[in-house]
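The block underneath contains the structure these notes are about, expressed in structure tokens.
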Amino acid sequence: MKTNKFKIIALSFVGIAMFTSCNNDDESVAPVTPETDFSGTYVQKDQMARPAINTVFIASGAPKDAFNAAIPSTMGANYQSIFQSRLLALNSGYTTNALGQTAAQFTGLLATDVLGVKKTGTTTFFDGTNVLTGRALADDVIDTELLLIFGGPSGTSNAALTSDHVNANDKTFSASFPYLASAW
């Protein structure tokens, strides 16, 4: 009985060896790429065009879930007052920001959480002159947002609150696509 089990196992290995071949012509075999399946129902789950805006101005739970699923064209009308209440809770002395925007103007802009793109000219979150014309990888978006929330009309008020003191990426960005810095 033991001999029969051994013979069956040995024959199995021989059979596997006969039907399996190894060679070095792997490059001649085209890779199999599965068809992309776009069937089904897709639901937007997150809205985060401008970093930290959603996190700071919308409370967690139902309001955040609704905001994340909102169509951008309806965001301003539906969420501006919520953003303004939060802005004034964060900075009760807010009058205008460095762009000259009142609380209503600024929060109307923020509540429509889309990232604008300027096709010609400077693409930046804020460079001192150009504002929200897109976003370059090296843009310090958190400092810009803090400056606009706490910096007052001249951008110099509340100096301790207008910077996160992270002034650059920890690695140099690449000069070729996708331009991101290499991982640690």
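In whole percent, how big is the carbon plus sulfur part of the accessible area of the range 86-153, probe 1.4 Å, protein atoms only?
Numbers: 1830 of 3220 Å².
Accessible surface attributable to carbon and sulfur in the range 86-153 totals 57 percent.
Can you bin the range 39-118 into rounded, prolate or oblate? Criterion: square roots of the alpha carbon gyration tensor eigenvalues sorted a ≥ b ≥ c, rounded for a/c under 1.5, prolate for a/b above b/c, oblate for the rest.
prolate
With every protein chain kept in place and ligands, DNA and RNA left out, what is the accessible area per residue of the range 39-133? Probe 1.4 Å, answer in Å².
55 Å²
Rounded to the nearest 0.05, what FRET efficiency do Thr96 and Ala181 have when you use their Cβ-Cβ distance and R0 = 25 Å?
Numbers: r = 36 Å, r/R0 = 1.44.
Using R0 = 25 Å, I get an efficiency of 0.10.
Round to the nearest 0.05 the FRET efficiency obtained for Val131 and Thr41 when R0 = 45 Å and r is the Cβ-Cβ distance.
0.75
Mind listing P(r) for the range 93-184? All alpha-carbon pairs, 5 Å bins, whole percents.
That works out to 3, 13, 19, 22, 20, 11, 7, 4, 1, in percent per bin.
Of all alpha-carbon pairs in the range 100-151, indicate the percentage at a distance above 14 angstrom.
Summing the P(r) tail past 14 Å for the range 100-151 gives 54 percent.
The values are calculated or read from the model by the stated rules, or taken from the named source; none is laboratory data. In this text, all values refer to a predicted model and were calculated from it rather than measured experimentally. All Cβ positions, even for glycine, are placed from backbone atoms using ideal geometry, and neighbour counts span all protein chains on display. Surface accessibility is based on the protein's heavy atoms, side chains included, excluding ligands, DNA and RNA. Shrake-Rupley method; radii C 1.70, N 1.55, O 1.52, S 1.80 Å.
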